[in-house]
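Since every read-out is calculated from the coordinates, none of them should be taken as a lab result. Note that the structure is predicted; figures quoted are calculated from it, not measured. Don't worry about glycine lacking a Cβ; one is built from the backbone with ideal geometry, like all the others, and counts go over all protein chains shown.
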Amino acid sequence: MEQDETIFNIPLRETKKAPRTERSERAMTEIKDYIIRHLKAKEEDVWIDGRLNEAIWSRGITSPPPRIRVKAVKFEDGLVEVSLPED
């Protein structure tokens, strides 16, 4: 099974426009929208890893990080897996 692997630095500056109690949820939506736009994927084909979710929520609901580095792997059947890059 062939796959394309890409590292993205995703800016999350739009999260500051959301109400304080919805910022981490908004950050997750921004990540998904960014991957859909840049990898031309369908919304139902994007899978976000649990460790990435924990990284966004680690500082609470009101203060997600301003940007995050992710690794996106697109498989030939169209599925996209988004996770933290292993350093």
Check on residue 37, charged (D, E, K, R), in contact with a helix residue (DSSP H, G or I) (Cβ under 7 Å, 6 or more places away or on another chain), assigned to a helix (DSSP H, G or I) and without any contact (Cβ under 8 Å) to a residue 60 or more places away in the chain = no
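Answer yes or no: is there a residue in the stretch 60-73 that is small (Gly, Ala, Ser) and under 15 Å from residue 7 (Cβ atoms).
Just the residues of the stretch 60-73 that are small (Gly, Ala, Ser), to begin with: 60, 63, 72.
Still in the running and under 15 Å from residue 7 (Cβ atoms): 72.
Looking through the stretch 60-73, at least one residue is small (Gly, Ala, Ser) and under 15 Å from residue 7 (Cβ atoms).
Residue-by-condition table, conditions (1) crowded, with 16+ Cβ neighbours inside 10 Å; (2) out of contact with any Pro (no Cβ under 9 Å at 6 or more places or on another chain):
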site	(1), (2)
2	no, yes
9	no, yes
12	yes, no
23	yes, no
27	yes, no
81	yes, yes
Residue in the stretch 14-21 that is surrounded by 13 or more Cβ atoms within 10 Å (Cβ to Cβ), in contact with a Ser or Thr (Cβ under 6 Å, 6 or more places away or on another chain) and basic (Lys, Arg) present | no
Scan the stretch 34-69 for residues that are among the hydroxyl-bearing types (Ser, Thr, Tyr) and either farther than 15 Å from residue 9 by Cβ or surrounded by fewer than 17 Cβ atoms within 10 Å (Cβ to Cβ) (or both) and jot them down.
-> 58, 62, 63
